[in-house]
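Quick notes on the structure that follows.
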Amino acid sequence: MDVNGTVAEGFEPVREAFVRNFELLGDRGAAVAVYRDGRRVVDLWGGTRDVDGTEPWQHGTAQIVRSATKGVAAAVLLLLAQRGELDLDAPVGHYWPEYKAHGKEHTLVRHLLAHRAGVPVLDRPLTPAEAGDPDLAAAAVARQAPAWEPGAEHGYHAQTYSWLTGELVRRVTGRTIGAWIADEIAGPLGLDLWVGLPDAETGRVGRVAQVAAPPAPGGLRTRPKRAVSEAYADPESLTSRAFTAITPLPDENAPAYRAAVLPASNGIATADGLARFHAALIGEVDGVGLFSPDTVSAARTEQSAGPDRVLVVGTRFGLGYMLHGSASPLLSPGSFGHPGRGGPLGFADPESGIAFGYVTNGFRKSVTADARAQALVRAVRASIDA
């Protein structure tokens with residue numbers, strides 16, 4: 001496997017782990033980038049651009065990052081709060097009056113970010129075309145009755161997070177969340193990162209697909225707990241319904257899906273774009289920073305912890321970000337970020353100054369902790385601990 005790119009002195013373990021991901025863990029095309037204190041120290045890529053092709057992955061190849069997009073969406077709401085344009089403790093209905101239906105009048109903005117809003121499912125799922133219609137999708141979540149009392153419990157809003165955050169941003173700013181990200185985050189930082197892919201960038205994006213994990217050493221297989229397996233297998237469970245709030249499942253390679261603005265699931269980025277974004281959350285990158293120290297503290301202050309009504313495992317969330325824990329191990333207890341189902345990962349670690357981004361074209365069945373991303377995280381930890 002030819003691996004391209006550079007690593008700074010001391011970060012050689014990351015290159016070694018990246019190579020092993022191709023040799024032992026079945027990666028077909030991927031990239032990883034790491035920043036430390038606003039400076040890029042790892043920039044690696046290898047394999048093929050398309051999961052089922054032969055064209056080499058290039059330095060600027062981008063991929064869909066699924067739920068790693070949620071951390072970018074969260075940054076929009078937190079930046080609006082930082083600027084005084086949004087109150088995290090205000091009812092959502094203050095900005096979006098239609099949302100107050102069916103007992104949701106006491107849902108707070110912070111409940112949306114912390115997966116406590118109680119609307120991870122829709123009684124009638126949306127088609128892919130409907131999901132991309134902001135008016136129709138917003139109306140669907142506004143009229144949805146919650147599955148639990150808002151604020152009382154937490155459960156992962158796998159798809160509905162798109163319309164909850166997107167409509168709130170549109171009500172506050174008059175812009176789509178994708179346009180806000182382009183204007184206020186990606187543009188100033190020079191990020192290769194989009195929520196709503198422009199036509200001009202379509203040629204940079206590789207094809208993705210589900211791929212099988214290679215056999216474990218010794219032929220052993222890791223099986224999920226029975227309760228988790230049963231939840232995904234039961235079409236009536238909150239788990240299944242949350243992940244199928246868009247039905248049929250969209251074609252992630254379709255131009256129409258990539259062009260839609262779905263900040264829960266369809267952000268597209270290079271590994272450098274994902275890492276550079278997270279670096280700007282905790283400091284400056286080429287003179288541009290995003291979060292104030294108070295906002296960093298708010299982002300990673302635990303809002304939800306324990307049994308997740310949707311994922312059926314213990315999860316921890318701050319304001320829009322997953323926090324380090326058994327379900328989603330990051331670099332250290334102070335890390336915050338977001339995985340994408342089956343592979344991608346982006347996070348920041350304020351104590352070490354590390355920001356991380358990994359993208360791939362081969363998705364696995366894992367939800368919050370992919371073996372390839374975790375191998376790279378361990379290599380980063382070994383590099384900074386050496």
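The values are calculated or read from the model by the stated rules, or taken from the named source; none is laboratory data. Just so it is clear, the structure is predicted and the values come from calculations on it, not from any experiment. Quick reminder, even Gly has a Cβ in these numbers, built from the backbone with ideal geometry, and neighbours come from all protein chains shown. Calculation scope for accessible area: heavy atoms of the full protein, side chains included, ligands and nucleic acids excluded. Shrake-Rupley method; radii C 1.70, N 1.55, O 1.52, S 1.80 Å.
Once segment 105-124 is narrowed to residues that are open to solvent by 10 Å² or more (accessible area, probe 1.4 Å) and free of Cβ contacts under 8 Å to residues at least 60 places away in the same chain, the residue that is nearest to M322 (Cα to Cα) is H111. Restricting to segment 125-158, and then to whatever is small (G, A, S) and touching a strand residue (DSSP E or B) at 6+ places or on another chain (Cβ under 7 Å), can you tell me which residue is surrounded by the fewest Cβ atoms within 10 Å (Cβ to Cβ)? The residue in question is G151.
Checking the stated criteria, G178 turns out to be of a type outside the set (D, E, K, R) and closer than 15 Å to I64 by Cα. The residues on offer are A269, A264, and the sole one that is closer than 17 Å to P339 by Cα, open to solvent by less than 30 Å² (accessible area, probe 1.4 Å) and touching a strand residue (DSSP E or B) at 6+ places or on another chain (Cβ under 8 Å) is A269.
Yes or no, residue by residue, for (1) among the acidic types (D, E); (2) in a helix (DSSP H, G or I); (3) closer than 29 Å to A8 by Cβ; (4) under 17 Å from the mean Cα position of the chain (by Cα):
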| residue | (1), (2), (3), (4) |
| --- | --- |
| T301 | no, no, no, no |
| A305 | no, no, no, no |
| L331 | no, no, yes, yes |
| E351 | yes, no, yes, no |
| V377 | no, yes, yes, yes |
| R381 | no, yes, yes, no |
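Take P91 and tell me if it is of a type outside the set (S, T, N, Q) and within 17 Å of L319 (Cβ to Cβ). Walk me through how you get there before you give the answer.
Working: of a type outside the set (S, T, N, Q): yes; within 17 Å of L319 (Cβ to Cβ): yes.
For P91, the condition - of a type outside the set (S, T, N, Q) and within 17 Å of L319 (Cβ to Cβ) - is met.
Going by the structure shown, is E98 of a type in the set (D, E), in a loop (DSSP other than H, G, I, E, B) and within 30 Å of V172 (Cβ to Cβ)? The answer is no for E98. On the stretch given as segment 118-162, residues that are farther than 18 Å from S265 by Cα and assigned to a loop (DSSP other than H, G, I, E, B) total 15.
Inspect all residues belonging to segment 12-22 and state whether any of them is open to solvent by 10 Å² or more (accessible area, probe 1.4 Å), touching a strand residue (DSSP E or B) at 6+ places or on another chain (Cβ under 8 Å) and touching a residue at least 40 places away in the same chain (Cβ under 8 Å).
No: zero hits.
Annotation note: of S265, S297, S292, the sole residue that is of a type in the set (G, A, S) and under 13 Å from the mean Cα position of the chain (by Cα) is S265. Going residue by residue through segment 63-77, is there one that turns out to be assigned to a strand (DSSP E or B) and open to solvent by 70 Å² or more (accessible area, probe 1.4 Å)? No: zero hits. With respect to (1) of a type in the set (A, V, I, L, M, F, W, C); (2) closer than 24 Å to L191 by Cβ; (3) open to solvent by less than 10 Å² (accessible area, probe 1.4 Å), the lone exception for L331 is condition (3). Against the list (1) under 15 Å from the mean Cα position of the chain (by Cα); (2) aromatic (F, W, Y); (3) open to solvent by 20 Å² or more (accessible area, probe 1.4 Å), the condition F277 fails is (3).
So, in segment 334-365, how many residues would count as being surrounded by fewer than 18 Cβ atoms within 10 Å (Cβ to Cβ) and touching a residue at least 24 places away in the same chain (Cβ under 8 Å)?
Quick first cut of segment 334-365, residues surrounded by fewer than 18 Cβ atoms within 10 Å (Cβ to Cβ) only: 334, 351, 353, 365.
Applying the additional criterion that residues be touching a residue at least 24 places away in the same chain (Cβ under 8 Å) yields 334, 353, 365.
Residues in segment 334-365 being surrounded by fewer than 18 Cβ atoms within 10 Å (Cβ to Cβ) and touching a residue at least 24 places away in the same chain (Cβ under 8 Å): 3 in total.
Table: residues versus (1) at pLDDT 95 or above; (2) more than 18 Å from the chain's Cα centre (by Cα); (3) closer than 21 Å to H338 by Cβ.
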position: A117; (1), (2), (3): yes, yes, yes
position: L122; (1), (2), (3): yes, yes, no
position: G151; (1), (2), (3): yes, yes, no
position: Y156; (1), (2), (3): yes, no, yes
position: V169; (1), (2), (3): yes, no, yes
